[in-house]
1. Need the failing condition index for ALA197 against (1) modelled with pLDDT of 95 or more; (2) within 17 Å of PRO166 (Cβ to Cβ); (3) surrounded by fewer than 24 Cβ atoms within 10 Å (Cβ to Cβ), just the number.
2. Where residues in segment 98-125 are among the small types (Gly, Ala, Ser) and not in a loop (DSSP other than H, G, I, E, B), which of them is nearest to PHE158 (Cα to Cα)?
3. Among strands (runs of 3 or more DSSP E) lying entirely in segment 126-239, which contain 1 or more residues that are of a type in the set (A, V, I, L, M) and more than 14 Å from the chain's Cα centre (by Cα)?
4. From (1) of a type in the set (Val, Ile, Thr); (2) more than 25 Å from GLY187 (Cα to Cα); (3) surrounded by fewer than 19 Cβ atoms within 10 Å (Cβ to Cβ), pick out the condition that doesn't hold for VAL48.
5. List the number of the failed condition for PRO243; all other conditions in (1) under 30 Å from PRO2 (Cβ atoms); (2) in contact (Cβ under 8 Å) with a residue 40 or more places away in the chain; (3) surrounded by fewer than 22 Cβ atoms within 10 Å (Cβ to Cβ) hold.
6. Here is a list of conditions, (1) modelled with pLDDT under 95; (2) assigned to a helix (DSSP H, G or I); (3) of a type outside the set (D, E, K, R); (4) surrounded by 17 or more Cβ atoms within 10 Å (Cβ to Cβ), and SER35 meets all of them except one; can you say which number that is?
7. Tell me, which residue of segment 145-166 that is modelled with pLDDT of 95 or more and of a type in the set (S, T, N, Q) is surrounded by the fewest Cβ atoms within 10 Å (Cβ to Cβ)?
8. Determine if segment 170-183 includes at least one residue that is within 30 Å of PRO4 (Cβ to Cβ) and either of a type in the set (A, V, I, L, M) or without any contact (Cβ under 8 Å) to a residue 60 or more places away in the chain (or both).
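The values are calculated or read from the model by the stated rules, or taken from the named source; none is laboratory data. The structure presented is a predicted model; accordingly, all values stated were derived computationally and were not measured. Glycine gets a Cβ as well: all are built from the backbone with ideal geometry, and neighbour counts include every protein chain shown.
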Amino acid sequence: MPGPLLIAGANGMLGHALQAVCSQRDRSFFAPVESEFDITSVQEVSRVVTSFAALHPDGALVNAAAYTNVEAAEDDPDKAFLVNRTGARLLAHAAARAGLPFVHVSTDFVFDGTKKGAYTEDDKPNPLSVYGVSKLAGERVVLAANPTALIVRTAWVFGPYGANFPTKILEKAAGSIAVTVVNDEVGSPTYTLDLAAGILDLLDARARGIYHLAGSGSCIRDEMAREILRLAGLERVKVVPVPAATFPSKAARPANSVLDCSKAAAAGVTMPDWRDALARFVPTVR
């Protein structure tokens, strides 16, 4: 039986999904609220991780916490780096000191999106935004502080307990005859429940280093929007495709976010197709 999980960022989309999957698998977990587990506090990280490890030396620590507001990060880089770099380093160091396996979650935003084809773990990062730079910095300090850490990069995440692309499309479609969606961004939509399950599977397979983990297949944003509307019974709402430049943005985003997940597959971990994932998620949105 796998050991218990200590979840940092328990109140976020992925944090909730990790709790749900642990419950489904009868795996015990500890999910402290942020006020009791501030990952940017040296004292709190040391106290929580040390106490957990003393009770559960067979446990593991997963960092699902992150500063993910891509636009706001451009105005407040200090906050983005505090959470995405400093917090990640503190957790990685505490886990190493306590002898706990450590998982850190990263992002497709470490790439510039100019590659033709899916990004592998060996491709050179080149982030375009403060958020992307802060997440890449987080990866590097994690591996420096804890060389046996597992880093999982993912992309286009959606699920309950947070704002995401499917919920935004459904909100825009309510009472509308059309929604405007970009047609020059491609990626692999990833359901948080699938991602959580994949992270646990990689952890239990004793994977170390950087792994890509995202929904199987890929699509363009407007294609994803049409599938969301179809699943919601809203085919009457027209999707109007436009270039991303139509929507002014402080932060540059990678045009190609497709991740090659063959390394995870070789470790025995595969993800469901993005359409299958949407089919399970969209009916739950109210």
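1. Going through (1) modelled with pLDDT of 95 or more; (2) within 17 Å of PRO166 (Cβ to Cβ); (3) surrounded by fewer than 24 Cβ atoms within 10 Å (Cβ to Cβ) one by one, ALA197 breaks only (2).
2. Residues of segment 98-125 that are among the small types (Gly, Ala, Ser), as a first pass: 98-99, 106, 113, 117-118.
Those still in the list that are not in a loop (DSSP other than H, G, I, E, B) too: 98, 106.
Values: ALA98: 32, SER106: 15 Å.
In this case the residue turns out to be SER106.
3. Values: elements: 150-154, 178-182, 209-212.
Those strands (runs of 3 or more DSSP E) span 178-182.
4. (3)
5. (1)
6. Result: SER35 passes all but (4).
7. Selected residue: THR148.
8. As a first pass, look at segment 170-183 and keep what is within 30 Å of PRO4 (Cβ to Cβ): none.
No: segment 170-183 contains no residue that is within 30 Å of PRO4 (Cβ to Cβ) and either of a type in the set (A, V, I, L, M) or without any contact (Cβ under 8 Å) to a residue 60 or more places away in the chain (or both).
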